[in-house]
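All of the numbers you see were taken from the coordinates with simple rules; none came from a lab. Quantities reported herein were computed from a predicted structural model and do not represent experimental measurements. Because the Cβ atoms are built from the backbone with ideal geometry, glycine has one as well, and the counts that use them run over all protein chains shown.
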Amino acid sequence: MRVLHNLLLALILVTVSHWTAYGAEINTLLKTLKSVGPQAAGNRQAAPAWTELIKADAGQLPAILAGLDDANPLAANWIRTAVDTVAERRFRRDGTLPAAELERFVLDTSHAPRARRLAYEWLCHVDRSAPERLLPGMLDDPSLEMRRDAVARRIDEAARLVQARETDQAVPLYQEALTAARDADQVALLADRLRELGREVNLPRHFGFVLRWNVIGPFDNTDGRGFAAVYPPERGIDLQASYDGKHGKVQWLEHIAKDEYATVDFNRALQHEKAVVGYATSEFVSRRRQEVDLRVTSLNAVKVWLNGQLVARHEVYHAGSQMDQYTNHVIMQPGRNTILVKVCQNAITPEWADPWGFQLRVCDTNGTAVLSADRNP
């Protein structure tokens, strides 16, 4: 018996040593793949490393998935295909994967959202109960894809209650889903559902749109020269001042964006015209120093300053108006922060080129609204 015990112990030690060594090798192979860069940089070394990596056992999938945490987009393509190759080989062979290990990986929010999502997709291959078990706890997940699935599930639950005429039970589910939703299409759907049930929805607050502005203009943008021109608002904000505009003196006017997506419409706030420049400024009160996104949408050429520093410039006209068209990562300082937006309208006259304005919201990197400390509900 003692001999048998010693043999088993030796076998265990050899196995542990093998996997420890192979784990180190996987890290080396992943490091090679993560050296891939633009213009085929690192591809020659990556190809043999990938060929070696896909020989791994499915038990090593969490280690390979973790390689996605800090991989650039090109390297991530190599690593993702390696994960898929290893998982597919095991799944085709016997229909299994290390489900418990994959689930632990999915639930570990320290991993990159793309890595967790890939682990989740493979987990669902072998465990059909995974969505029912995991998604209810993912309404506030940092992965927007996981959050979207969780919201969709809650919407379906509420819809079934409405169909059963249990609207009092459906409303809180819809409200919970709306609080969690970050994708514009889901938010719009939930707003419609709640309003059909007689509930109010404040979309500007949900998204973090800035509503209160002071606007001034028009200044001249003949032949597009206004985008580069430095008009007085760019030199400093004085809401009591008046300046020489395109047709005479102009001064700051108070303006509140009234539609649900907080559009600042210079055609209405100032005057309807072409080849012009308008400015809008607002103060944002931050409770602390914090990193936020300034997300801007405009059909016009646009510049954005925060506290006098240029943070965005897009000399593009009539290229699209999807929400969050331009995302700018900035730092809000404690207290009052000044936002200045410059919007240039060109001389094109078709109706589709008529809009002259913008939307701006303040949020975190996941799109969760960050509200000014002095903002009313």
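Summary table below
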read-out	value
Eligible lysines near Lys34 by straight Cα distance, threshold 28 Å, same-chain separation 8 or greater	Lys55
Relative contact order (%) - the stretch 138-288, alpha-carbon pairs under 8 angstrom, separation at least six	21
Qualifying aspartates and glutamates (Cα of each under 17 Å from Cα of Lys31; at least 8 residues distant if same chain)	Glu52, Asp69, Asp70
Segment Arg205-Thr222, extension gain: residue separation times 0.36 nm, minus the distance between their alpha carbons	2.4 nm
Extension gain (nm, one decimal) between Glu234 and Asp259, 0.36 nm per residue minus Cα-Cα	6.3 nm
Sum of -39500 (n - 2.57) over DSSP H runs of 4+, divided by residues of the chain (222 nm, nearest 500)	-13000 deg cm²/dmol
Order of Lys303, Lys249, Lys342, Lys274 - criterion: other Cβ atoms within 10 Å of each residue's Cβ, fewest first	Lys249, Lys274, Lys303, Lys342
Contact order normalised by residue count of the chain, Cα under 8 Å, 6+ apart, percent	12
Gained length - Glu25 relative to Thr51, 0.36 nm times residue gap less alpha-carbon distance	8.1 nm
Cβ-based net charge around His314, under 14 Å, with every Lys or Arg adding one and every Asp or Glu removing one	+2
Leu144 versus Gln333: modelled label distance in nm, points set 7 Å from Cα along the beta carbon direction	3.0
Degrees between helix 2-33 axis and first principal axis of the chain (Cα, 0 to 90, nearest 10)	30
Distance in nm between pseudo-label sites at Thr349 and Ser129 (7 Å out along the Cβ direction from Cα)	7.0
Within straight-line cross-link reach of Lys258, lysines at Cα separation under 29 Å, skipping those fewer than 8 residues along the same chain	Lys246, Lys249, Lys274, Lys303, Lys342
